[in-house]
Amino acid sequence: MKTIVLLLFCCISFALCLEVNETCTTPCNSTGICIPVRQCDYAIKILRNPQATYQESEYLAQSICGKLPGPRGIPLTCCPSLLNPDGCGSLDFANRIIGGDVTELGEHPWAALLIYDLGNNRFSPKCGGSLINSKFVLTAAHCIVDVPKKWKLHRVRFSEWNTLEKENCTIINDEEVCRQDYEAANIIVHPKYDIKVPNKLHDITIIMLKQEVIFGKYVRPICLPLDLSIRELPIDREDFTVTGWGQTETELRSAVQLHVDLVGRTNDVCDTSFAKANISLAETHICVGGDRGKDSCKGDSGGPLLRLVGTVWYQIGIVSFGARFCGSENFPGIYTNVGKYIPWIQDVVNENHCAAESG
């Protein structure tokens, strides 16, 4: 413990002199905020750990980013912080097919497709997800927990459009565009998710990838509602979009990526619709849709529910569950409210930021 504290203070003279709350880069090459050590939970946990390793001591020493003015010179540390990446939720282009539901490649560049190993050398997409930064993907807990035991998550795929196309690359406007597949280094299911709970409370999971995703026109992260002003925007009668490769009215699974625009409802509407199934919503749910023929469906699970704020897309929800027959009138879809899980997402990403770097 004394060694850690001494290292913290001895390294002040070598610090990069940033001011409080400036953006910085941690020793593990992730984004952080330069704040007093006492305000950084990640640093405090190390300082209070009597078995802290030499590597952890070195980490704290290298994370010093400045000091507060005054005779005491209280050190500032680059505290790992979940920030929206530059350019998240924005597009280089956005040309929807008028009157249709087909999504152009690159229209939702944060959309991920989860490919499962079904055994016997069979692989199939079964769920969706969303890229939130270069190493982490959001999806639903039931996409990991509520699947046959022999199913294993094999890859997370981006820059996908037609799942039946055998070729990994295609030419668009004289530009070669290829699928990008990534392995999972770690899968963190929300600890309170319980498969036995009918309303799928805490239906959220974070997948940490083994390698960093390279951003471009066709692969880009979605913005999370980190700002309270975004989280407090109304839901009822507001417009939302959901995208995925799920079941359609004519096929068990769509070959191409689809999207549908939906209208938000109050949670009371879903409570009424699903009362016979003894399902009631919590504040961690969002109720959206209910118009005939417009809904997310099986295979869309884990995918993002989006809202456009100005010119930027934000992920507001995660596809969780709905009526047995998708698109039934007066039966909205039920989504995990991402805004209610921002503290948990921050904790998971921050706690794993060094593991993500070494993964």
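The values are calculated or read from the model by the stated rules, or taken from the named source; none is laboratory data. As the structure is a computational prediction, the values presented were derived from the model and not from experiment. Neighbour counts run over all protein chains shown; Cβ positions are idealised from the backbone, glycine included. Side chains are part of the model used for accessible areas, which takes the heavy atoms of the whole protein and leaves out ligands, DNA and RNA. Shrake-Rupley method; radii C 1.70, N 1.55, O 1.52, S 1.80 Å.
I'd like the residue in the range 206-229 that is open to solvent by 20 Å² or more (accessible area, probe 1.4 Å) and over 30 Å from ILE171 (Cα atoms) and, out of all such residues, is nearest to the chain's Cα centre (by Cα).
LEU226
Out of the range 62-91, which residues are closer than 19 Å to ASN352 by Cα and of a type in the set (Gly, Ala, Ser)?
Within the range 62-91, SER63, SER81 qualify.
For CYS169, work out the one condition from (1) open to solvent by less than 60 Å² (accessible area, probe 1.4 Å); (2) at pLDDT 90 or above it doesn't fulfil.
(2)
Looking only at the range 217-245, count every residue that is assigned to a loop (DSSP other than H, G, I, E, B), farther than 26 Å from LYS276 by Cα, touching a residue at least 40 places away in the same chain (Cβ under 8 Å) and out of contact with any helix residue (DSSP H, G or I) (no Cβ under 7 Å at 6 or more places or on another chain) and tell me the total.
Within the range 217-245, residues that are assigned to a loop (DSSP other than H, G, I, E, B), farther than 26 Å from LYS276 by Cα, touching a residue at least 40 places away in the same chain (Cβ under 8 Å) and out of contact with any helix residue (DSSP H, G or I) (no Cβ under 7 Å at 6 or more places or on another chain) number 9.
Quick check: is even one residue across the range 311-318 of a type in the set (Gly, Ala, Ser) and at pLDDT below 95?
no
Could you pull out the residue among VAL156, VAL147, VAL177 that is of a type outside the set (S, T, N, Q), at pLDDT 95 or above and open to solvent by less than 40 Å² (accessible area, probe 1.4 Å)?
So the residue among VAL156, VAL147, VAL177 that is of a type outside the set (S, T, N, Q), at pLDDT 95 or above and open to solvent by less than 40 Å² (accessible area, probe 1.4 Å) is VAL156.
Could you identify the single residue in ASP194, ASP203 that is modelled with pLDDT of 95 or more, charged (D, E, K, R), in a loop (DSSP other than H, G, I, E, B) and open to solvent by less than 20 Å² (accessible area, probe 1.4 Å)?
It is ASP203.
Give the number of residues within the range 127-142 that are in a strand (DSSP E or B) and among the aliphatic types (A, V, I, L, M).
Number satisfying all stated conditions: 3.
Which ones in the range 16-44 are out of contact with any helix residue (DSSP H, G or I) (no Cβ under 7 Å at 6 or more places or on another chain), within 23 Å of GLN211 (Cβ to Cβ) and open to solvent by 20 Å² or more (accessible area, probe 1.4 Å)?
Of everything in the range 16-44, those that are out of contact with any helix residue (DSSP H, G or I) (no Cβ under 7 Å at 6 or more places or on another chain), within 23 Å of GLN211 (Cβ to Cβ) and open to solvent by 20 Å² or more (accessible area, probe 1.4 Å) turn out to be THR25, THR31.
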